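Asker: The structure that follows is given in the form of structure tokens.
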Protein chains: 2
Amino acid sequence: MDRILSNQNSRVKAWAKLATKKGRTENKTYLLDGWHLVEEAIKAQAKFHAVMATEAQMAQHLPDVPHGVPAFEISEEVAKHIAGTNTPQGIFAEISLPDKTFDPSYVHDGAWLLLDKIQDPGNVGTLVRTADAAGFKGVVFGEGTADAYSPKVVRAMQGSQFHLEVLNGDLNEWADALTANGLPVYGSQLDESAQSYRQVQPSTQFALIVGNEGQGMADELAAKTTANLYIPIQGQAESLNVAIAGGILMFSLAAGN
Amino acid sequence: MDRILSNQNSRVKAWAKLATKKGRTENKTYLLDGWHLVEEAIKAQAKFHAVMATEAQMAQHLPDVPHGVPAFEISEEVAKHIAGTNTPQGIFAEISLPDKTFDPSYVHDGAWLLLDKIQDPGNVGTLVRTADAAGFKGVVFGEGTADAYSPKVVRAMQGSQFHLEVLNGDLNEWADALTANGLPVYGSQLDESAQSYRQVQPSTQFALIVGNEGQGMADELAAKTTANLYIPIQGQAESLNVAIAGGILMFSLAAGN
């Protein structure tokens, strides 16, 4: 097994570049940080390009890494450099970005979450993880939403990208196609003139749109929905965090929760 | 008005120290960053020790600052230093820490959130903000929970500390006292043997305990509750983020949401 001890090593430089959208797009790969995510990728039969681990992590996990995957032992310093954090667990994988095209006109069932310009990577990743827990079939990232494979989003998704569809798409097209296919499309608004989310019966087939932290949903999208839903605020808080609002709506709207 | 241009200024050093628990405890004050929070503190008639703002922010907001509050014009560099971030809005206030003792044996009504060793400051602040939005009367920070007045918690609370009670307390004492006073005390567990949260009727008088991100609630606390509640997970996610789980439970349990 190759041992890599320097941040100047060309492979290390390439892995560090995967923290940027440009680096990921050029390589068509992204990084997983920590055994939990690597294990999820193994279970999901993701396409591995490399596994990199410190001596201790490699000793513990190499037996579980699929045969034929190039393995590299790295120093603690290299681990910190690749992770971009000071306390990485010390095991990473480089795997292929999903190469999926998905035509919403073929979507006839399931619960779908549509993210309209959600900017904070922690919010985006948490929304995907919560959609997974609520039994959603997929999450569609509209233009302006944080990239699904950036390190902070990947960390917050906690492996949920392997459990449901994670797609990029034009949310106007999605809203039109799902509506045409008979799925109700619910928007969310911070506006008491919208309908209370409590009035919607739980269902297994619908779409929910959550919008930008500051501006909310785009007006064009809000005009296309079956209904726009509102979470009544009882106290003096002006609004809810978008991931909290999304979580409350998803668990209330999806049948079975 | 004094103008402060150097990070070496003794006042600047003192403000920067308020980012630490030690600094806050010694000074009995904490920092607010951004006009939204300063305005909330004015509305709440908090005790101000100082307002610090860049030239532009001072010109815009000084007329709204209460009379008699010492005001300091600061440079952009000083603003970044005090904020500990690179893009502060440029207006701050130093205000008194609340000086409250609160005996839970006098609590006979309202909805209360108890935080058992929640470590991530973003989660803690978001939970307080969500409790505010759900109409809760107070949040009790148990030992091991992130400090309510650390910069990241203050940012995530978005001023909700001025809308409800934010207290430190011994959660075992709180659970005992509330139970003795006839309020149901609900725990939360990631355990299908617990009761589904859907089976609890919404109410205006109860306590909800949420526990540590990794370990959940302490066993000793879980043994004291009226019931421990469980959010059924439909997909393959192993768990929910603690702030999301808390948000779903608070909005489901509190009458009126």
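The values are calculated or read from the model by the stated rules, or taken from the named source; none is laboratory data. As the structure is a computational prediction, the values presented were derived from the model and not from experiment. For neighbour counting, all protein chains shown are included, and Cβ atoms are generated from backbone atoms with ideal geometry for every residue, glycine included.
Asker: Of all the residues that make up the range B:221-251, how many are modelled with pLDDT of 95 or more and charged (D, E, K, R)?
Answerer: 1
Asker: With outside any loop (DSSP other than H, G, I, E, B) and not basic (Lys, Arg) as the only criterion, which of B:Gln60, B:Gln45 stands out?
Answerer: Of the residues listed, the single one that is outside any loop (DSSP other than H, G, I, E, B) and not basic (Lys, Arg) is B:Gln60.
Asker: Filtering the range B:159-197 down to residues that are closer than 18 Å to B:Asn241 by Cβ and polar (S, T, N, Q), which residue is modelled with the lowest pLDDT?
Answerer: Among those residues, the one meeting the criterion is B:Gln189.
Asker: In the range A:131-158, what residues are aromatic (Phe, Trp, Tyr) and more than 16 Å from B:Asn241 (Cβ to Cβ)?
Answerer: Once the filter is applied, which keeps residues that are aromatic (Phe, Trp, Tyr) and more than 16 Å from B:Asn241 (Cβ to Cβ), the range A:131-158 yields A:Phe141, A:Tyr149.
Asker: Related question: Just give me the residues in the range A:49-80 being touching a helix residue (DSSP H, G or I) at 6+ places or on another chain (Cβ under 6 Å) and farther than 17 Å from A:His36 by Cα, in sequence order.
Answerer: Answer for the range A:49-80, where residues must be touching a helix residue (DSSP H, G or I) at 6+ places or on another chain (Cβ under 6 Å) and farther than 17 Å from A:His36 by Cα: A:Glu73, A:Val78.
Asker: Let me ask something else. Return the residues of the range A:119-140 that are farther than 26 Å from A:Ile82 by Cα, in contact with a strand residue (DSSP E or B) (Cβ under 8 Å, 6 or more places away or on another chain) and either modelled with pLDDT under 95 or crowded, with 24+ Cβ neighbours inside 10 Å (or both); say none if nothing qualifies.
Answerer: A:Ala131, A:Ala134, A:Phe136, A:Val139, A:Val140
Asker: Right, here's the next one. Got at least one residue in the range A:240-255 being assigned to a loop (DSSP other than H, G, I, E, B), away from every other protein chain (no Cβ under 11 Å), out of contact with any Pro (no Cβ under 6 Å at 6 or more places or on another chain) and on the phi < 0 side of the Ramachandran plot?
Answerer: no
Asker: Next question, about the same structure. Of the residues that sit in the range A:112-155 and are within 12 Å of chain B (Cβ to nearest Cβ) and among the hydroxyl-bearing types (Ser, Thr, Tyr), which one is nearest to the chain's Cα centre (by Cα)?
Answerer: Within the range A:112-155, the match that is nearest to the chain's Cα centre (by Cα) is A:Thr126.
Asker: Let me ask something else. Test B:Ala146 against the criterion of being within 27 Å of B:Trp15 (Cβ to Cβ), surrounded by 15 or more Cβ atoms within 10 Å (Cβ to Cβ) and not charged (D, E, K, R), and give yes or no.
Answerer: yes
Asker: Restricting the search to the range A:1-20, which residues are assigned to a loop (DSSP other than H, G, I, E, B), within 25 Å of the chain's Cα centre (by Cα) and either over 11 Å from A:Glu94 (Cβ atoms) or aromatic (Phe, Trp, Tyr) (or both)?
Answerer: Correct list: A:Ala19, A:Thr20.
Asker: Just one of (1) touching a residue at least 60 places away in the same chain (Cβ under 8 Å); (2) in a helix (DSSP H, G or I); (3) buried (at least 24 other Cβ atoms within 10 Å of the Cβ) trips up A:Arg155, so point out which.
Answerer: Every condition holds for A:Arg155 apart from (3).
Asker: Does B:Asp109 meet the test of being closer than 16 Å to B:Ala255 by Cβ, charged (D, E, K, R) and more than 11 Å from every other protein chain (Cβ to nearest Cβ)?
Answerer: Yes: the conditions hold for B:Asp109.
Asker: Quick check on my filter: what residues within the range B:21-45 are of a type outside the set (Val, Ile, Thr) and more than 16 Å from the chain's Cα centre (by Cα)?
Answerer: Across the range B:21-45, the qualifying residues are B:Lys22, B:Gly23, B:Glu26, B:Asn27, B:Lys28, B:Gly34, B:Trp35, B:Glu39, B:Lys43, B:Gln45.
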